[in-house]
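J.: Encoded as C-alpha cells, here's the structure I'll be asking about.
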C-alpha cells in the first residue's frame, strides 16, 4: 500500500513535528523565501508586536531605517511617548491593512483631511495617529502641518525601503462614514467624540483585507520594484470586541482571517513571505507558556523564541551598521533641505544630532578604506616579496556571505536548519572516537603528552638541523659511541659558515613571523566569538524592554476599545 | 564669623556675577560673603569625595583656585547656600532651533526636523536635565540641605537676531506660546532636583527669550570684556539678578555680617573689624 504521506519529513506530522518537539527547539518551522542582505534597508510597521521585531533586528545588526528619528535631548521614554523610535516613521500602531493602504495613498498624494483632526479640551489630535502626541497639538494648523511633514517622510520611506515587515493586528476598526477613513482607535477614547451618525464599526472580511493588501503592494511596488515583504500576524488577542460575539470568538475570527490572508498572499506573490510568529505563540504547541498570566500579553521569552526562529533563517549580520543606513538617509536631507542659516555658533560635537545607533571610534576605524592588514601578514608579504594586497581586495575577501546563503549557492538547495547543523556538529568524545578508529582502548592524554615530550628534540637543535639538512642532535645523541664522528670533524660539521648561519636565522625569523600571523588570526577569530556572545547577551537583555512595550500596547488597546 | 556664606559655582557667565558683586552696587549684599568657583571650560566635571567637590580637570582646578583666591576644591559644609551660574542651565531658543524646527519655520522655508511645540518644550527640558548645573546640584544635595539656587544662562541678546537670520526668534506669537511653557518646565525640573531657578529680571527682557541689547554692551566673561558678544551679558544685568537672589537669601542672613567676596582675600583682623 502506498500513501501520499509516506516518506514525508517529520515536520509534516503532528506527532513528530509538534507533540514530541519542544517549543524552543522549533525544528523546520520556517524556511525563508528570500534572503535579507546586510545592505537591505528594513522598515517595520503594524500592531504593537512589530515593535519587538524592530528591536531585535537592530540588536542583531540589521539596517532598520527610521525616517523620523527622535530629536536630540529627548529621553528614550519621552521619545517613545512622542512616537519616536518605535517604527520606521512616526505613524504609531497600524492595526488594519486598510489603515496601511490609507497611509500609503495619503503619502503618495500628500492628502491631509481636516476632518481627521480630533479635539479634546483645547488640544488637537491627528486622528490617524492619536498616540504620537501625548497631550495633543496646540492648534489644528500644527496638527495639519506636522501630518504633511510626516507623509513626506513616509513617502520617501516607502520608496527607499528594501524589506518591509508588517504585522497584521486586527480586522475590527472604526470608520468615518463621510470619508471612509478608518482609525486606529475609536473616536472618544483618546480624543474626539463618538457620534453614531458619523462613525461606524467595521469588521473587515478576508476579501477586503486581501484586496487592500494587493492594492497596497501594487502601489508601493510600482515605484519600488525590488521590495520584499514579510508578513506576520500579531498573536496578541483583542482587548475588546465591538461585535456581538464573545471576545474569544471575535479574536479567533480576527486572527484566522488575518492568518489566511497572509498565507494566501505569501503563496501568490514571490516577494511576499509569511513568518509564523503567530503559530509559535498562539498554537497549542507552546501550551500558553509564551503568554503572561492574563493570557494576552506575550512575554519576553515568547518574543525571544520567535526571533530565534527568524534569525535561524535570516542569520544575524556580523557587520553592526544599523545606524549607518539611518545616517545615510538622514544626513543628505538634514543638510540639503534645511533652511540656509548663518550661524556663528557651532553646536558642540557632543550635542550634534547623531544616528540612533552610534558607531564607536573603533568601528569607524575598522571601516576606513586604508585599513591595514595585520602586521604579521604584512611582514610575511614583505619576506616573500609579494605585492601587498589592496585594501579593497582584503575587504572583499573578509566580507563573507552568510553561511546559509553560501550553502544554497553551492548546492542549489535550501539551507540546512541550524538545529540540524548543531546536531551534525555534535561530535563523540575524543576517547570514543579513538576507540572507534582503531578498535583499541584510548591512550590517556597525560601519557600522550609524556611520549611527545620525550620524542621531541630541543627547538634550537631542530632549527639547526633544518637549516643544515643534517641529522638532528637527538639522532646524534642516540648513535652508539663507536659510530660517532671524531670531535674535530663534528665541530666542523656543527659550525656552519657565516652565510649558512645567516640563511638559517632568516628562515627561523620567517617561521616566527608566520607563527605570529597564525596567532593573530586565531585572536581575531576569538574576538568574533566574544562579539557574538555580547550580541546574544544583549538580545537576552532586550526582552525586559519588550515586556514594557507590551504593557504600553495593552494600555493603548484598552483605550482604543473602551468605548 | 563670616556671615551668610554663599558659594558660587559657574562657567563664563560667573564673570558678570563676580564683577557685579565687586562693583559694590548691590544694596542687599550686606551680611553676605561670596566665594566664586568658576571656569570657562565648556564641560566641567567634579569628583565628590570626603564632603568636597574636586574638579577632574587640572585646568579647571587652576581656574577655581584663581577665582576663589586659592581654593582648588569646594568644601560643601562650609557654605550656607549655593548659587549655580549658567552651567548649561537655561533656555536658548536660537540653539534649540539649530537642532529642530517648529511648524512656523515652514512659512519661511523648508525644514527637515519639525516638532510640535509640546515636543520642543520637552527637548528644552531634556537639554537642561543633562546640564552640569543639575549634576552639581545632586552632588551638593548629597551632603547639604542648604538652598541651591540657579542663575540660568541669560537669554541671548536681541542683537543676535540680525546674525541668526531666523524669523521665528522674533515671532511674538510663537515666543508667547513657547517661552512661558519652557520656563515653567525648566523651573519644575529644578524643583524636582531640589533647586530654585531665579530667572532674569523682567527689566532685562526684550522679547520672551531675548535679552535687551543694552545688557549685552560691555558683556564680560571670566577673562575679558567683549564689545560684541552674542552670549554674555554685562555686570549691570548681574546686579539686577543678584539683588533678587540676595533678597531671597537675606531672610536667613545676619544683619551685621561682612560683605565681601572671597573671605580669604581679607585679613582676619579686617574680617573681625567688619
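J.: Residue B:112 passes all but one of (1) touching a residue at least 12 places away in the same chain (Cβ under 8 Å); (2) assigned to a loop (DSSP other than H, G, I, E, B); (3) surrounded by fewer than 23 Cβ atoms within 10 Å (Cβ to Cβ); which number fails?
T.: (1)
J.: Let me ask you something else. Suppose we filter B:43, B:61 for residues that are more than 19 Å from residue B:148 (Cβ to Cβ) and within 14 Å of chain A (Cβ to nearest Cβ); which single one remains? Outline the logic, then answer.
T.: Working: B:61 fails: within 14 Å of chain A (Cβ to nearest Cβ).
Just one listed residue meets the conditions, B:43.
J.: Another question, if that's okay. Which of the residues that make up segment B:142-174 are within 10 Å of chain A (Cβ to nearest Cβ), under 23 Å from the mean Cα position of the chain (by Cα) and either part of a strand (DSSP E or B) or farther than 24 Å from residue B:12 by Cβ (or both)?
T.: B:156
J.: Still on this model: Within segment B:183-196, is there a residue that is more than 14 Å from chain A (Cβ to nearest Cβ) and buried (at least 21 other Cβ atoms within 10 Å of the Cβ)?
T.: Yes - at least one qualifying residue is present in segment B:183-196.
J.: Next question. Can you name the number of the only condition in (1) over 14 Å from the mean Cα position of the chain (by Cα); (2) modelled with pLDDT of 90 or more that residue B:136 fails?
T.: The single condition residue B:136 does not satisfy is (1).
J.: May I ask you to list the residues in segment A:96-115 that are out of contact with any helix residue (DSSP H, G or I) (no Cβ under 8 Å at 6 or more places or on another chain) and closer than 19 Å to residue A:175 by Cα?
T.: Initial filter on segment A:96-115 (out of contact with any helix residue (DSSP H, G or I) (no Cβ under 8 Å at 6 or more places or on another chain)): A:99, A:102, A:109, A:113, A:115.
Scanning segment A:96-115 gives A:99, A:102, A:113, A:115.
J.: Sticking with this structure for a sec: I'd like to verify a number: residues in segment B:115-135 that are closer than 13 Å to residue A:133 by Cα, assigned to a helix (DSSP H, G or I) and facing chain A (nearest Cβ under 7 Å), how many?
T.: As a first pass, look at segment B:115-135 and keep what is closer than 13 Å to residue A:133 by Cα: B:115-122.
Then drop every residue that is not assigned to a helix (DSSP H, G or I), which leaves B:117-122.
Restricting the remaining residues to those that are facing chain A (nearest Cβ under 7 Å) gives B:117-119, B:122.
The total comes to 4.
J.: What residue, of A:218, A:197, A:212, is over 30 Å from residue B:104 (Cα atoms), away from chain B (no Cβ under 14 Å), outside any loop (DSSP other than H, G, I, E, B) and free of Cβ contacts under 8 Å to residues at least 60 places away in the same chain? Please lay out each step first, then the result.
T.: Values: A:197 fails: outside any loop (DSSP other than H, G, I, E, B); A:212 fails: free of Cβ contacts under 8 Å to residues at least 60 places away in the same chain.
After applying the criteria, what remains is A:218.
J.: Looking only at residues in segment A:122-148 that are assigned to a loop (DSSP other than H, G, I, E, B), more than 36 Å from the chain's Cα centre (by Cα) and surrounded by fewer than 20 Cβ atoms within 10 Å (Cβ to Cβ), which one is farthest from the other protein chains (Cβ to nearest Cβ)? Full working, then the answer.
T.: Of all residues in segment A:122-148, those assigned to a loop (DSSP other than H, G, I, E, B) come to A:122, A:127-136, A:138-139.
Filter again for more than 36 Å from the chain's Cα centre (by Cα), leaving A:122, A:138-139.
With surrounded by fewer than 20 Cβ atoms within 10 Å (Cβ to Cβ) added as a condition, the list becomes A:122, A:139.
Numbers: A:122: 13, A:139: 9 Å.
Per the criteria, the residue is A:122.
J.: Within segment A:95-121, count every residue that is surrounded by 24 or more Cβ atoms within 10 Å (Cβ to Cβ) and under 20 Å from residue B:181 (Cα atoms).
T.: Of the residues in segment A:95-121, 0 are surrounded by 24 or more Cβ atoms within 10 Å (Cβ to Cβ) and under 20 Å from residue B:181 (Cα atoms).
J.: Under the condition of being more than 34 Å from the chain's Cα centre (by Cα) and in a strand (DSSP E or B), which residue from segment A:174-188 is nearest to residue A:47 (Cα to Cα)?
T.: Per the stated criteria, the residue is A:174.
J.: Let me ask something else about it. Is it the case, given these coordinates, that residue B:35 is within 14 Å of residue B:221 (Cα to Cα), in contact (Cβ under 8 Å) with a residue 60 or more places away in the chain and in contact with a strand residue (DSSP E or B) (Cβ under 6 Å, 6 or more places away or on another chain)? Show your work before the answer.
T.: Values: within 14 Å of residue B:221 (Cα to Cα): no; in contact (Cβ under 8 Å) with a residue 60 or more places away in the chain: yes; in contact with a strand residue (DSSP E or B) (Cβ under 6 Å, 6 or more places away or on another chain): yes.
Taking the combined requirement at face value, the residue does not satisfy it.
Residues checked against (1) over 16 Å from residue A:281 (Cβ atoms); (2) surrounded by fewer than 20 Cβ atoms within 10 Å (Cβ to Cβ):
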residue	(1), (2)
A:18	no, yes
A:24	no, yes
A:31	yes, yes
A:35	yes, yes
A:44	yes, no
A:48	no, no
A:51	no, no
A:58	yes, no
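J.: Which members of segment A:225-250 meet the condition of being within 25 Å of residue A:310 (Cα to Cα) and either more than 26 Å from the chain's Cα centre (by Cα) or in a loop (DSSP other than H, G, I, E, B) (or both)? Show your work before the answer.
T.: Applying the first criterion (within 25 Å of residue A:310 (Cα to Cα)) to segment A:225-250 yields A:225-238.
Across segment A:225-250, the qualifying residues are A:225, A:226, A:227, A:234, A:235, A:236, A:237, A:238.
J.: In addition: Taking the conditions exactly as written (in a loop (DSSP other than H, G, I, E, B), over 17 Å from the mean Cα position of the chain (by Cα) and modelled with pLDDT under 95), does residue B:228 satisfy them or not? Give the steps one after another, and end with the answer.
T.: Values: in a loop (DSSP other than H, G, I, E, B): yes; over 17 Å from the mean Cα position of the chain (by Cα): yes; modelled with pLDDT under 95: yes.
In short, yes.
J.: Could you tell me which of the residues B:72, B:47, B:77 is free of Cβ contacts under 8 Å to residues at least 40 places away in the same chain, over 16 Å from residue B:18 (Cβ atoms) and out of contact with any strand residue (DSSP E or B) (no Cβ under 6 Å at 6 or more places or on another chain)?
T.: Numbers: B:47 fails: out of contact with any strand residue (DSSP E or B) (no Cβ under 6 Å at 6 or more places or on another chain); B:77 fails: free of Cβ contacts under 8 Å to residues at least 40 places away in the same chain.
Every option except B:72 fails the conditions.
J.: Still on this structure: State which residue is nearest to the chain's Cα centre (by Cα) when the search covers only segment A:260-282 and only residues that are assigned to a helix (DSSP H, G or I) and in contact (Cβ under 8 Å) with a residue 60 or more places away in the chain.
T.: First, the residues of segment A:260-282 that are assigned to a helix (DSSP H, G or I): A:260-268, A:277-282.
Filter once more, so that each one left must be in contact (Cβ under 8 Å) with a residue 60 or more places away in the chain: A:261-262, A:266, A:277, A:279-280.
Working: A:261: 25, A:262: 22, A:266: 21, A:277: 15, A:279: 20, A:280: 19 Å.
Ranking the qualifying residues of segment A:260-282, first place goes to A:277.
J.: Do you know which residues across segment B:36-78 are crowded, with 21+ Cβ neighbours inside 10 Å and assigned to a loop (DSSP other than H, G, I, E, B)?
T.: Those that are crowded, with 21+ Cβ neighbours inside 10 Å and assigned to a loop (DSSP other than H, G, I, E, B): B:39, B:44.
J.: Still on this structure, I have one more. Taking segment B:1-32, which residues are in a strand (DSSP E or B) and at pLDDT 90 or above? Step through it out loud before you land on a result.
T.: So the first thing to find is which residues in segment B:1-32 are in a strand (DSSP E or B), and the list is B:4-10, B:32.
Across segment B:1-32, the qualifying residues are B:5, B:6, B:7, B:8, B:9, B:10.
J.: Pick from B:246, B:222, B:242: which is touching a residue at least 60 places away in the same chain (Cβ under 8 Å) and assigned to a loop (DSSP other than H, G, I, E, B)?
T.: Working: B:246 fails: assigned to a loop (DSSP other than H, G, I, E, B); B:242 fails: assigned to a loop (DSSP other than H, G, I, E, B).
Answer to the selection: B:222.
The values are calculated or read from the model by the stated rules, or taken from the named source; none is laboratory data. These figures come from a predicted structure and were not determined experimentally. Methodologically, a virtual Cβ is constructed for each residue, glycine included, from the backbone with ideal geometry; neighbour enumeration extends over all protein chains shown.
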